[in-house]
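Visitor: First, the structure itself, so that you have it in front of you.
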Amino acid sequence: MRGRIAISASLASPVPLMSQVMIAHLKGRLDSTGIDHAVIDVGGVGYLVGASTKTLAAIGPVGEAVMLHTEMLVAEDFIRLVGFATASERDWFRLLTGVQGVGARVALAILSALDPADLSRAIAAQDKAMVARANGVGPKLAERIVRELKDKIGGVAIGGAAPVAAGGASADAVSAMLNLGFRPAEASAAVAAAEE
């Protein structure tokens, strides 16, 4: 009887079970790479991880140790991991996929064409031509991306806040603040102030 109560209580959780499933990062050995993915061997299990060309170039040679930040995409017919060399790239992926008409493939195409700093400058300057350089991004979609994301990032160009070192506790703190709804400039400034 007790087991039934515990099961019922866990099923009554206000947060859907699938939203609780997440792999934040993978740390292992780079087994192989393809044009748009890598296989990371973690304890004998090979994880196929989609990635931008910039991430694939940054992760190093096959056989070496690697760590990728990840985003797990879950739909009715698939579960897919997408990997990123930096937390900043992962955060931009999340912002991009929040724009109507931008799925994982288009977001990765944008991140393959523009690194996070270039993307931030393009959004702040409303430079839709720069965003449209990515494969699969036409002028209308580029315009929608820069318009919607300018509001989300506050239109603050790089340099508006002290830079936070990539990786480590600082980057994790900035990422957490972004997930809570803070603008990138506000998050960076708050973390920089806390470190002083």
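Visitor: State which residue pairs qualify: first residue outside the structural domain of LEU114 (by TED's automatic domain parsing) and inside region 140-152, second residue buried (at least 18 other Cβ atoms within 10 Å of the Cβ) and outside any helix (DSSP H, G or I) in any location, beta carbons under 7 Å apart, and separation of 6 or more residues or different chains.
Guide: none
Visitor: Oh, and also: Does VAL106 qualify as being at pLDDT below 95, touching an Asp or Glu at 6+ places or on another chain (Cβ under 6 Å), in the same structural domain as GLY181 (by TED's automatic domain parsing) and not in a strand (DSSP E or B)?
Guide: no
Visitor: Take region 102-130 and flag every residue that is within 13 Å of the chain's Cα centre (by Cα) and among the charged types (D, E, K, R).
Guide: Matches in region 102-130: ARG105, ASP115.
Visitor: Filter region 131-142 for residues that are under 20 Å from the mean Cα position of the chain (by Cα) and assigned to a helix (DSSP H, G or I) and give the result.
Guide: Hits for region 131-142 are VAL131, LEU141, ALA142.
Visitor: Follow-up. Among the residues of region 89-131, how many are surrounded by fewer than 21 Cβ atoms within 10 Å (Cβ to Cβ) and β-branched (Val, Ile, Thr)?
Guide: Total satisfying the criteria: 3.
Visitor: Right, here's the next one. Quick check on my filter: what residues within region 36-77 are surrounded by 14 or more Cβ atoms within 10 Å (Cβ to Cβ), over 14 Å from the mean Cα position of the chain (by Cα) and either at pLDDT below 90 or in a loop (DSSP other than H, G, I, E, B) (or both)?
Guide: Of everything in region 36-77, those that are surrounded by 14 or more Cβ atoms within 10 Å (Cβ to Cβ), over 14 Å from the mean Cα position of the chain (by Cα) and either at pLDDT below 90 or in a loop (DSSP other than H, G, I, E, B) (or both) turn out to be ASP36, ILE59.
Visitor: Suppose we filter VAL74, VAL39, VAL49, VAL62 for residues that are in contact with a Gly (Cβ under 8 Å, 6 or more places away or on another chain) and in contact (Cβ under 8 Å) with a residue 12 or more places away in the chain; which single one remains?
Guide: It is VAL49.
The values are calculated or read from the model by the stated rules, or taken from the named source; none is laboratory data. Quick caveat: nothing in here was measured; it's all calculated off a predicted structure. Heads up, the Cβs are rebuilt from the backbone with ideal geometry, glycines too, and the neighbour counts pull from every protein chain shown.
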